[in-house]
Amino acid sequence: MDKLDKITTNGKAIYLAYDHGMEHGPIDLTGQSIDPNYILDIAVKGGYNAVVLQKGLAEEYYPPYRKKIPLIVKLNGRTRLVGGEPISRQVCSVAEAAELGAAAVGYTIYLGSEHESEMFKEFGKIEEEADKKGLAVIGWIYPRGKGVEDDDSPEITAYAARVGLELGADMVKIKYCGSKECFTQAVEAAGETKVVLSGGPKVSDEEFLKIVENVMAAGAAGIAVGRNVWQRPNALEYTRQLKEIIFKKHEDKN
Ligand code: FBP
């Protein structure tokens, strides 16, 4: 059985990301989205393939949902309050994530940061441990830091995807580079490693649907999205529209 089977449907996926309380702070958690139960409810009712949580939320809120929705535990994190070259260190072990019921673990690498090698090292160890427990490993690969001039250029986006493959990630989560064409290059660069889109700040309903159309037509496996779902008042109806795009056939790619 493929490690990604538990968190994909026919190779495609939609994940609800909710680690923003750590990365950005409550400023992102508008309206009801401050309540983790509200998010878990959307994840279950919306039929997401998994929800992404830091370990604290997983410990406190996930137990009643354990049989209802798969969990991806984010193993590292940082706040937006730190200056300097970006680094995000591990705050949860693979063993803890497995204990919490995770089907997969996630880890952010700031590609191009002066601290890139430290994150590579932690990521390698995580892969070794996750492999023993049969957990999939997803790399949030975000080019960032002094070494990166144009983080959303086609070349750097494809580089991020490729590094995921080189490091042995089961899946990479990368940002949008602006077009179907450049995302196609990134998907090609990732080879056997699956690619999902990292949502980004909320844009209009139509604009985000178009982005998702483009990344799916580019051959992506799906999306791992937060703000563009739970910051909308009609999160469930919007989820339905996203799923229609993600799980429909893209004849040119499948
Ligand atoms: P969004 O869909 O809301 O952008 O969430 C995706 C995500 O990767 C989250 O998992 C994470 O908290 C956030 O983006 C980090 O974004 P950044 O590092 O760009 O601030």
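The values are calculated or read from the model by the stated rules, or taken from the named source; none is laboratory data. Fair warning: this is a prediction, and the values are worked out from it, not measured in the lab. Here the Cβ positions follow ideal geometry from the backbone for every residue, glycine too, while neighbour counts run over all protein chains shown. Note: accessible area is taken over every heavy atom of the protein model, side chains too, but ligands, DNA and RNA are not part of it. Shrake-Rupley method; radii C 1.70, N 1.55, O 1.52, S 1.80 Å.
Leaving out ligands, DNA and RNA, what percent of the accessible area of the chain is carbon and sulfur, probe 1.4 Å?
The C+S portion of the solvent-accessible surface of the chain is 50 percent.
Excluding Thr239 itself, what net charge comes from residues whose Cβ is under 15 Å from its Cβ, given Lys and Arg +1 and Asp and Glu -1?
It works out to a net charge of +4.
Over the alpha-carbon set of the chain, divide Rg by the Kirkwood Rh and report the Rg/Rh ratio to two decimals.
Ratio of gyration radius to Kirkwood radius for the chain: 0.93.
Might you work out the accessible area of Ser93 for me, using a 1.4 Å probe with all protein chains in place, and round it to the nearest 10 Å²?
40 Å²
With θ taken as phi - 60° and the coefficients 6.51, -1.76 and 1.60, list the Karplus ³J(HN,Hα) couplings across the range 43-58 in order, rounded to whole Hz; mark glycine and proline as x.
Here the 3J(HN,Hα) series is 4, 6, 5, x, x, 5, 6, 5, 10, 9, 9, 6, 5, x, 5, 4 Hz.
Whats the longest run of the chain with zero trypsin sites (Lys or Arg not before Pro) that are DSSP loop and have at most 14 other Cβ atoms within 10 Å?
147-247
Which number do you get for Rg(Cα) / (2.2 N^0.38 Å) in the range 152-223?
Computed over Cα atoms of the range 152-223, the ratio equals 1.00.
Using every pair of alpha-carbon atoms in the range 64-108, split the distances into 10 Å bins beginning at 0 and state the percent of pairs per bin, rounded to integers.
27, 42, 23, 8, 0
Taking one equal scatterer on every alpha-carbon of the range 1-93, how large is log10 of I(q)/I(0) by Debye at q = 0.15, 0.16 1/Å?
-0.63, -0.71
For all pairs of alpha-carbon atoms in the range 1-40, what percent lies in each bin of width 5 Å, listed from the first bin to the last filled one?
All Cα pairs, binned at 5 Å, distribute as 6, 19, 22, 13, 12, 15, 11, 2, 0 percent.
Before I look further, what does the range 3-127 give for accessible area per residue, probe 1.4 Å, in whole square angstrom?
43 Å²
Please figure out what share of the DSSP beta bridges in the chain is antiparallel and state it in percent, rounded to the nearest 5.
Restricted to the chain, the bridges split so that about 5 percent are antiparallel.
Please give the solvent-accessible surface of Tyr238 in Å², to the nearest 10, using a probe radius of 1.4 Å with every protein chain present.
Its accessible surface works out to 0 Å², give or take rounding.
Anything over 28 Å Cα to Cα? Flag those among Lys12/Lys68; Lys55/Lys210; Lys55/Lys202, in the order listed.
Over 28 Å apart, Cα to Cα: Lys55/Lys210.
To the nearest whole percent, what portion of all C-alpha pairs in the range 183-223 is separated by more than 14 angstrom?
So the portion of pairs separated by more than 14 Å is 44 percent.
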